[in-house]
1. Could you quote the convex hull projected area for segment B:1-100, Cα atoms only and averaged over all directions, in nm²?
2. Using a Förster distance of 25 angstrom, determine the FRET efficiency expected from the C-beta separation of A:GLU68 and A:ARG100, and round it to 0.05.
3. Quick query: amide H of A:GLU238 versus all other amide H atoms, modeled in the peptide plane; which residues come in under 5 Å with a sequence gap of 5 or more or a different chain?
4. Normalised by the residues of chain B, what does the relative contact order come to in percent, with Cα pairs under 8 Å and at least six apart?
5. On full extension of the chain, what length is gained from A:ALA197 through A:SER222, given 0.36 nm per residue of separation minus the C-alpha to C-alpha distance?
6. Ratio to report: Rg/Rh of the protein assembly as shown, with Cα atoms as the point set and Rh obtained by the Kirkwood method; give two decimals.
7. Between copies, how far apart are the B:ASN58 label points? List them in nm, one decimal, shortest first, with each point 7 Å from Cα toward Cβ, please?
8. Just report the Cα centroid separation between segment A:158-233 and segment B:166-211, whole Å.
Protein chains: 2
Amino acid sequence: MAAEWLWVDGQQAAMVPADDRGLLLADGVFETIRIERRRPSLSHYHLARLVAGLGALNFPHAQHLAQESLERVLGWGCAHTGHEGDAVLRLSVTRGSGPRGYAPPNSATPRVIARLNAGLPKPCPHLRLSTVAINWPDQPYLAGLKLLARTEQILAIMDAQQKGFDDALMRDAQGRLISTASGNLFFRLGDRLITPALTQCGIAGTRREHIITVVGRSCGYSVEETVCELGLLDIVNEVFTCNAISGIRSVASIAHGGQAWSFDDQSAVGRLAPHIHLASSLAL
Amino acid sequence: MAAEWLWVDGQQAAMVPADDRGLLLADGVFETIRIERRRPSLSHYHLARLVAGLGALNFPHAQHLAQESLERVLGWGCAHTGHEGDAVLRLSVTRGSGPRGYAPPNSATPRVIARLNAGLPKPCPHLRLSTVAINWPDQPYLAGLKLLARTEQILAIMDAQQKGFDDALMRDAQGRLISTASGNLFFRLGDRLITPALTQCGIAGTRREHIITVVGRSCGYSVEETVCELGLLDIVNEVFTCNAISGIRSVASIAHGGQAWSFDDQSAVGRLAPHIHLASSLAL
């Protein structure tokens, strides 16, 4: 088991007050950041999502809170990564302690919690996915954000793993393809990269943003965010997922009830993968 | 400020491990129980919802876990209620500690967290409600359950209070009436009590269940769970809310954009209120 450090409001600490609203009501957001050779990867995308999440939850001074929290935690995390300098850093920002009830107290002081695990996981390169019983619920007001409330993804990955698959292919209530439980989805059709639009649900991942705004085009693809019906699987050449820690991974097969699709082509993965974990400077 | 006690896994403790999956991912459920003169109120309804929630989250041995957790926490809570014996007891059951990632470890040991606040709140008797920007998302798989993930209700009550109202009238994505942020909704139309069906979203409150299964009929009303469109407000005689702590409360007015409804009749509230906080025996 890799070494782990925990840090609560500026102090190394393994415990959090039991009246924290993150624990009581999932009142907060988080980011999971890849650190490679003591440098955070793509931290500006993490910052942007953190600001958006804190803003949607009506945290006061969301921009300042996000920036200050991320800077402090990155500084601490990058200094504790051990001799190889690789780690996974999770940052949570909760509303802080509060009394009973849904309404936050006026006096709420956000709490910043960080967890650092030395080393980086070696993921299986070829994912076998299955659709699952639970769907993403439509919630346009919160779509794309990385809130603490993650019930559907927990149930989705449990369902997929119980059936012997690596991850879940998660859909929305209309059956459209949205993501896996732990990453975003891309499809390649010729020179086009297609990724599900996340206007109603899903998490807008940092690597997804990086592919859409930078890497897709620089590798010679057009990139489209659009509605992705199940039938898309019949015509695409390649499927892959991405997330901040594991990067880009090929999808080898997808099972859905009695149907199955398999994919051999990994050409886009081969082209995109070297560019997916760009290091950020520590200054945001 | 009323006296407060906290209790984690059988011990008085103010802190919870920072790797608890309740805090990391909202992986758990909770109940908020009224204790009156050292006796829990309607604990069998709390138990039923706890079992359903733990079952939906695939906690192993959900029935046993729920029963044992509730019994232990009620025994502890009822012994610590101070000289008047009235208190609010919150019980959370989380998946326990876990490593990074959405999938729970096979070794996950659920954590039982309790919070007791001496005394009972004196709520304002006549609620002024307003509709709000955020809706309940449709999620039939989890509808009715009291999961830790409560983002929408937090945003709803913040929105309503910011506009100067007591609570939010929460609707679903189709605009149908579902609940307030902190309680269930009932409408009276003559001798009929009508409450929104919670097959797609919302929390199935203990008092709502008690009115549907016992108290409504015994007070001379028929009770219907059904789809409630906004137009229902034009024809009903009375509106009230209910929850486990504050019991039944009249709704005096509802605002929705430029529209407003007001309600003077409190006859159902008068008849139902004396029966809404039935004491349970400590043995479940």
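The values are calculated or read from the model by the stated rules, or taken from the named source; none is laboratory data. For clarity, every value in this text was computed on a predicted model and none was experimentally measured. Note that each Cβ is placed from the backbone with ideal geometry, even for glycine, and that neighbours are counted across all protein chains shown. Note: accessible area is taken over every heavy atom of the protein model, side chains too, but ligands, DNA and RNA are not part of it. Shrake-Rupley method; radii C 1.70, N 1.55, O 1.52, S 1.80 Å.
1. 6.7 nm²
2. Numbers: r = 29 Å, r/R0 = 1.16.
For A:GLU68 and A:ARG100, the calculated efficiency is 0.30.
3. Distant-sequence amide H within range of A:GLU238: A:ARG188.
4. Numbers: 594 pairs, mean separation 56.6, N = 284.
Once normalised by length, the contact order is 20 percent.
5. Full extension of this stretch gives 7.5 nm more.
6. Details: Rg = 24.4 Å, Rh = 24.8 Å.
With Rh from the inverse mean 1/r over Cα pairs, Rg/Rh is 0.98.
7. Label-point distances to the other copies, shortest first: 3.5 nm.
8. Taking the Cα centre of segment B:166-211 as reference, the centre of segment A:158-233 is 36 Å away.
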